[in-house]
1. Given Cα positions, please report Rg to Rh for the stretch 12-171, the hydrodynamic radius being the Kirkwood one.
2. Between Leu159 and Gln30, 0.36 nm times their residue separation minus their Cα-Cα distance comes to what?
3. Can you give the Rg and Dmax of the stretch 190-269 based on its C-alpha atoms, in angstrom?
4. Could you tell me which of Cys147, Thr78, Pro100 has its Cα farthest along the dipole of the stretch 71-152 towards the positive end, charges placed at Cβ (Lys, Arg +1; Asp, Glu -1), taken about the Cα centre?
5. Straight-line reach from Lys96: which lysines fall under 19 Å, measuring Cα to Cα and dropping same-chain residues less than 8 apart?
6. Two decimals, Cα atoms only, Kirkwood Rh: what is Rg/Rh over the stretch 1-87?
7. Let me know the charge dipole size of the chain about its Cα centre in debye, to the nearest 20, where only the beta-carbon of Lys, Arg (+1) and Asp, Glu (-1) is charged.
8. Nothing charged except the Cβ atoms of Lys and Arg (+1) and of Asp and Glu (-1): what's the magnitude of the dipole of the stretch 54-123 about its Cα centre? Round to the nearest 20 debye.
Amino acid sequence: MNIGSVILNKRKALGYTQQVLADKLHVSFQAVSKWENGTAYPEVELLPVIAAILGISVDALLGYRSAVVTEYENRYQTEDYYWGVVPNRLCYEIMKLRPPIKPLKVLDMGCGEGKDAVFLARNGYIVSAFDVSDSGLEKGKRMAEKCGTYVDFFKANILDYRLSENFDIIFSSGVFHYIAPNIRTEITENLKQYTNKKGIHAINVFVEKPFIERAPDEEAAERYHWKSGELFTYYHDWLLWRTEEVIFDCNSGGKPHQHCMDIMIAEKK
Ligand SMILES: C[S@@+](CC[C@H](N)C(=O)[O-])C[C@H]1O[C@@H](n2cnc3c(N)ncnc32)[C@H](O)[C@@H]1O
């Protein structure tokens, strides 16, 4: 997709006229029209502004689809649920620590096909969930409908999505290794800032160990294993309910291998 079609599709999805988008960008509606019909391109310095207004990354605005997105789109094409339908154990721990006896807002970051988001919604939480994969989000929506519940599924990239409203619970499983080291502080600080007092973060992340080889189906590009224990250091000023490191067997890609993962539950005091 070229930039013009991305702008056109996103603008329509947001219900903006060309004039509305033009006003937000301080350009003429003719400029927007030219971008959309491919007779002109926006100035380079406008790209981050357009992307922010349309709620997408600059990469997505330029029509770039990363290898990671392609990989997950392929995995999620089937009727079956690639990650199964059994909720992550962390969801039960969330329920124990913060039972939904009052309205609690949850955000599932990198929700995949939505098994955890749907489980939490079924149990009474107010759940929003995002991923970069359209097919994952579609499957999540279908699962929620089937279960007679609702999750606010939306497409976003964890690398450039920043919270601007508060949540009580932030959950993320198997996703933080897409966050490069140089933006980890910024992302975790934003998540911590927009978490209500007594709110919790339940997160796991793949970590590097010299004695564990990288998975055979894992592309090095765009994946950045964390240092062992690193995740916990970003939460030194929160109460750490659980900090655990586990090694587990995996058969993805058809070849048995192992992963090491740090698991954390932290509470904002
Ligand atoms: C290992 S799967 C985990 C899915 C889900 N959390 C689960 O446990 O079932 C990783 C997920 O992260 C998503 N993902 C990868 N890069 C992402 C990014 N930059 N922003 C948001 N999601 C991303 C993938 O599309 C995929 O669904």
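1. On the way: Rg = 18.4 Å, Rh = 17.6 Å.
Ratio of gyration radius to Kirkwood radius: 1.05.
2. Working: separation 129, 0.36 × 129 = 46.44 nm, distance 3.18 nm.
Full-extension gain reported as 43.3 nm.
3. 14.7, 44
4. Towards the positive end, the residue furthest out is Pro100.
5. Those lysines meeting the cut-off are Lys105, Lys115, Lys197, Lys198, Lys268, Lys269.
6. 1.12
7. On the way: 32 positive and 36 negative charges, 186 e Å.
That gives the chain a dipole magnitude of about 900 debye.
8. Values: 9 positive and 9 negative charges, 107 e Å.
Roughly 520 debye for the stretch 54-123.
Computed from the coordinates by the stated procedures, all read-outs in this text should not be read as laboratory data. Source: prediction; values computed, not measured. Quick reminder, even Gly has a Cβ in these numbers, built from the backbone with ideal geometry, and neighbours come from all protein chains shown.
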